[in-house]
Structure formats: structure tokens, C-alpha cells
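The values are calculated or read from the model by the stated rules, or taken from the named source; none is laboratory data. Bear in mind that the values here come from a model prediction, so they are computed numbers and not experimental data. Note that each Cβ is placed from the backbone with ideal geometry, even for glycine, and that neighbours are counted across all protein chains shown. Keep in mind that these areas ignore ligands, DNA and RNA; they rest on the heavy atoms of the full protein, side chains included. Shrake-Rupley method; radii C 1.70, N 1.55, O 1.52, S 1.80 Å.
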Amino acid sequence: MKLYERQFRQQGIPIVPMLDILTILLIFFIVHTEFKRQVSVLKLDVPQTHHLAGSQGDRNSILLELAEDGSIGFNGRLIPAEQLVQAVRELLQKNPQARIQLSAAGGSSMARFIEVLDTLTAAGLNVEEIPVRIDYAP
């Protein structure tokens, strides 16, 4: 006769302490995660001037102006874009020390500006050495 029968307990994984640890880890990662914010593209406030102080340039300084309507002023006279290469080459043959400065109006198109830089490159100038001034009118 058997009075006491031993009952075997099945061994299992304790799930409650694991859930506590997972909850703490979840809270930790939520708190320390950097949420991505929508960042706008580059915002620039370009300083505006009405007059720049300075002295008259020397005779080796030539001004190339790009107007808002796309017209090109070279050395004080209007010139068509097709004749710009020839005019720059003639000027450099007469005065090899001449330095060209490019001044563009704020409302001029970027395509026209790039076209003028390409034209100067075709004339044999290094556009990286040409000072550029962009005039923004209020």
C-alpha cells in the first residue's frame, strides 16, 4: 500500500521576471532614441547692401555685368552672348594682365550665369580665379 505518492513538478522558464526585464529595456530604448525631426533644406539669409564702399579699380580690372533681363555688360557696353568669347580674347590679347570681375544682379537666372561662366572658360580663363559679386535688391 502506497500512502504517499510523490508528485513531480515540471520545470519551466520563469516568464514574469523576463517580462519585467523586457519592459525595462523597452522603456530604456524608447527614452534614449532620437526621434527624427523633419529638417528643412538649407535656409540662408543673404546680407543685402545698397552701396559698397571701395576705390576705383585699376585699369587692369574689367567688369562683366549680368543684368536681371539676361543682358551682358562687358567693360561698360552691352554685348551679345555670342560675341563674349571674342571680346574676352581680344581684351586679353591687348592686356594680358587684365582681371575680369563678374557682377550678377540678384534676379538674373542661374542658367544664364552658368552660361557666362562656360563662355569665360571657353575664352581660356580659369573661372575659379574670377571674383563674383551677386547684388540682391530689397
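Of all residues in region 122-138, those that are surrounded by 12 or more Cβ atoms within 10 Å (Cβ to Cβ) and either touching a helix residue (DSSP H, G or I) at 6+ places or on another chain (Cβ under 9 Å) or at pLDDT 75 or above (or both) total 8.
Candidates 46, 88, 16: the one that is open to solvent by less than 100 Å² (accessible area, probe 1.4 Å), part of a helix (DSSP H, G or I) and modelled with pLDDT under 85 is 88.
Entry remark, region 62-85: residues being small (Gly, Ala, Ser) and either in a helix (DSSP H, G or I) or out of contact with any strand residue (DSSP E or B) (no Cβ under 8 Å at 6 or more places or on another chain) (or both) number 2 in total.
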